[in-house]
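A quick write-up on the structure given underneath.
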Amino acid sequence: MVKALRYVLTKAPGIEWVAGGIDLSLNDDTQKGGNTGWLPQFYGFVRTTNITPLTNLLRKRYPKTDKSPRPVQIKLFKGEIEAFSYAFKPVFTKRIAYIDPQGRWNTRKVYLPPRDHVQAMLWMHNTGFSSRLFFKNVRMTRVGQHIELVKVRQLK
């Protein structure tokens, strides 16, 4: 997943930096007639001069399907620390599909059952926290008691 993202990001012009992480959720689609399974997703932030080329490349790489109607979601980031911390969170959830009162499919987040929680923690242990993170032209640096993203200077 990280290799595919790295490839797409090398093809998109105008990217200044990227920071994000792989999130994991246990999706229960049994009420839709589907299965229950682990789903990784990339949650990240991009500083770019033009988002359109990146959007087009991501949508080409991850096209819509019946099972994944919105594989690429891009939103304007306004600097909310909660949104940023979500990309690096060490806790995962179970998402259960259901039909809401308006008759639309929705998902409800619940805590992972103990067996699935252990499986997620083993995955994170084997993968390593830093292997879940993705950075391009930026790095994490400890400054006092907090972490900052610092733009990497290009050698000329």
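Derivation of every value follows stated rules applied to the coordinates shown; laboratory data play no part. These numbers come from a predicted model, not from an experiment. In this analysis, Cβ positions are derived from the backbone assuming ideal geometry, glycine residues included, and neighbour counts consider all displayed protein chains.
Selection over region 9-29 of residues that are loosely packed, with under 15 Cβ neighbours inside 10 Å and either within 10 Å of the chain's Cα centre (by Cα) or free of Cβ contacts under 8 Å to residues at least 60 places away in the same chain (or both) gives a count of 4. For Pro69, the requirement of being free of Cβ contacts under 8 Å to residues at least 24 places away in the same chain, within 18 Å of the chain's Cα centre (by Cα) and more than 30 Å from Val138 (Cβ to Cβ) is met. When Lys89, Lys78 are checked against the criterion of being over 17 Å from Leu24 (Cβ atoms), among the basic types (Lys, Arg) and either in a loop (DSSP other than H, G, I, E, B) or under 14 Å from the mean Cα position of the chain (by Cα) (or both), Lys78 stands alone in meeting it. Does Lys89 meet the test of being charged (D, E, K, R), within 22 Å of Trp123 (Cα to Cα) and touching an Asp or Glu at 6+ places or on another chain (Cβ under 9 Å)? Criteria met by Lys89.
Checked against the criterion of being assigned to a strand (DSSP E or B) and charged (D, E, K, R), the candidates Arg142, Arg59 yield just one match: Arg142.
Each residue in region 26-54 was checked for being among the small types (Gly, Ala, Ser) and in contact with a helix residue (DSSP H, G or I) (Cβ under 9 Å, 6 or more places away or on another chain), and 1 pass.
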